[in-house]
Amino acid sequence: KPDASLRVRRIAELLAAAKAELERKFADFWIEGELSDVSRAASGHVYFNLVEPGAQVRGVMFRGDALQARAKLENGVKVRLRCSVTIWEARGSFQIIARVALHYAMRGREAGTSAARALEQDALRLLL
């Protein structure tokens, strides 16, 4: 039996609140990882996963930024991205929006571990 004292929330309300908090906290940051599932839309936007062992995040780089990227936006390329984060409300998932892409040599350590974990933990905390 549902607890009558708890407010029933709409999905859109939950997503809007999570989006506002993520966009505030992660408005501008660098993250590192390896590109996978890279695809280029007819619009020129580049869609990808940024991965590290045990974690991944969806991402997009819009056409104008993709044309100026200093890293190859191809599968397997290790990159450092300057980005922000948002929630795509229609799918209920968050993604990074990359504005700058640089080649990055990981030099024997896992790329982006703390940044990716912080992003994932904050998103989960907001949604739970």
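Can you tell which of 5, 114 is assigned to a helix (DSSP H, G or I) and either among the charged types (D, E, K, R) or modelled with pLDDT under 95 (or both)?
Of 5, 114, the one residue that is assigned to a helix (DSSP H, G or I) and either among the charged types (D, E, K, R) or modelled with pLDDT under 95 (or both) is 114.
With respect to the numbered conditions (1) under 13 Å from the mean Cα position of the chain (by Cα); (2) at pLDDT 95 or above, which one is the sole condition not fulfilled by residue 63?
All conditions pass for residue 63, except number (1).
Pairs, please: C-beta under 9 Å, at least 6 apart or cross-chain, first residue exposed (fewer than 13 other Cβ atoms within 10 Å of the Cβ) and in segment 67-79, second assigned to a loop (DSSP other than H, G, I, E, B)?
67/44
Test of understanding: among 33, 59, 44, which residue is open to solvent by less than 60 Å² (accessible area, probe 1.4 Å), closer than 16 Å to residue 104 by Cβ, in contact with a helix residue (DSSP H, G or I) (Cβ under 8 Å, 6 or more places away or on another chain) and of a type in the set (Gly, Ala, Ser)?
It is 33.
Any residue in segment 29-46 that is more than 19 Å from residue 84 (Cα to Cα) sitting within a Cβ distance under 7 Å of a residue that is open to solvent by 60 Å² or more (accessible area, probe 1.4 Å) and in a strand (DSSP E or B)? List the pairs, counting only those 6 or more apart or interchain.
What qualifies is 39/47; 41/47.
Looking only at segment 82-96, count how many residues are at pLDDT 95 or above and either of a type in the set (D, E, K, R) or open to solvent by 40 Å² or more (accessible area, probe 1.4 Å) (or both).
Residues in segment 82-96 being at pLDDT 95 or above and either of a type in the set (D, E, K, R) or open to solvent by 40 Å² or more (accessible area, probe 1.4 Å) (or both): 1 in total.
The values are calculated or read from the model by the stated rules, or taken from the named source; none is laboratory data. It should be emphasised that the depicted structure is a prediction, and the values quoted were computed from it without experimental measurement. FYI the Cβ positions are ideal-geometry reconstructions off the backbone, even for glycines, and counts take in every protein chain you see. Heavy atoms of the whole protein, side chains included, go into the accessibility calculation; ligands, DNA and RNA do not. Shrake-Rupley method; radii C 1.70, N 1.55, O 1.52, S 1.80 Å.
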